[in-house]
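Working notes, structure below.
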């Protein structure tokens, strides 16, 4: 059974190699490709950012689920019934993670529905009325409403992306701390697993939003850079901890 868990973990790591990769250089995207493609590149990378975090969340849930299953196998094989409490705690935290850290794509799609509906309404209104028959005041009002609607949705997206990677690393820190304690008690590792979180990942939403408006949007570009590159700063810590877990399971396979 441990061999089966190890094989599943290997598949998870193979998926990691496909998904956990840096995206295109932010400066190249923002100042070159976005202009050359008339904004198409921005939309493409926008979607890639969301899919990257969603795939990571799904993969990490599966990873920890397999590690918990491995601990169950080990404790049962050794006849250690007192580990049921640890298992309940780990499973409860994993279930809470699944409830709290939800995929971003469905959230963004729902958020953009009002913008899409209003855009269609504005286009149809202009098409049937005729732009020459629409007063400047009405046209300006349509543009202002559309702009405010879009800005609110974009801020919601930024808020979500600003905190989700921090939520992930806080969850992982808690999980690895508990698993490390269990592995030590089972004598599967010789020293505690050190997992360091990066406090710079999550920015103060209110402060950065105010700075964005004060600087006429310039600070939003800075914020977008942080969001774009945040995972790249965390992958080393994520993967190093995963590799240690996989090596522990691998050593038990060799033992069996």
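The values are calculated or read from the model by the stated rules, or taken from the named source; none is laboratory data. Keep in mind that what you see is a predicted model, and the values were worked out from it rather than measured. Reconstructed Cβ throughout: ideal geometry from the backbone, glycine too, with neighbour counts over all protein chains shown.
Kindly establish whether residue 194 is more than 28 Å from residue 50 (Cβ to Cβ), outside any helix (DSSP H, G or I), out of contact with any strand residue (DSSP E or B) (no Cβ under 9 Å at 6 or more places or on another chain) and at pLDDT 85 or above. So residue 194 does not fit the description; no. Annotation: of all residues in the range 102-111 being at pLDDT 85 or above and touching a helix residue (DSSP H, G or I) at 6+ places or on another chain (Cβ under 6 Å), the one that is nearest to residue 53 (Cα to Cα) is 104. Do we find that residue 115 is in contact with a helix residue (DSSP H, G or I) (Cβ under 7 Å, 6 or more places away or on another chain), part of a helix (DSSP H, G or I), farther than 23 Å from residue 193 by Cβ and without any contact (Cβ under 8 Å) to a residue 40 or more places away in the chain in this structure? So residue 115 fits the description; yes. The condition of being at pLDDT 85 or above, assigned to a helix (DSSP H, G or I) and over 30 Å from residue 191 (Cα atoms) does not hold for residue 126.
Being modelled with pLDDT under 85 and within 24 Å of residue 168 (Cβ to Cβ) is the filter; apply it to the range 66-87 and report the residue that is surrounded by the most Cβ atoms within 10 Å (Cβ to Cβ). That would be 86.
Can you tell which of 150, 140, 129 is more than 20 Å from the chain's Cα centre (by Cα) and surrounded by 14 or more Cβ atoms within 10 Å (Cβ to Cβ)?
Matching residue, one of 150, 140, 129: 150.
Residues that are assigned to a loop (DSSP other than H, G, I, E, B), in contact with a helix residue (DSSP H, G or I) (Cβ under 9 Å, 6 or more places away or on another chain) and within 30 Å of residue 11 (Cα to Cα) are absent from the range 84-98. Among the residues of the range 19-42, write down those that are in a helix (DSSP H, G or I), exposed (fewer than 12 other Cβ atoms within 10 Å of the Cβ) and at pLDDT below 90. Listed by number, the list is empty, since nothing qualifies.
Yes/no matrix, rows are residues, columns are (1) surrounded by 18 or more Cβ atoms within 10 Å (Cβ to Cβ); (2) in a helix (DSSP H, G or I):
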position	(1), (2)
159	no, yes
168	yes, yes
179	yes, yes
216	no, no
222	no, yes
227	yes, yes
249	yes, yes
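Just a yes or no: is a residue in the range 50-72 without any contact (Cβ under 8 Å) to a residue 12 or more places away in the chain and either in contact with a helix residue (DSSP H, G or I) (Cβ under 6 Å, 6 or more places away or on another chain) or in a helix (DSSP H, G or I) (or both)? No: zero hits.
For residue 189, indicate whether it is on the phi < 0 side of the Ramachandran plot, more than 20 Å from the chain's Cα centre (by Cα), surrounded by 13 or more Cβ atoms within 10 Å (Cβ to Cβ) and not in a helix (DSSP H, G or I).
Yes, satisfied.
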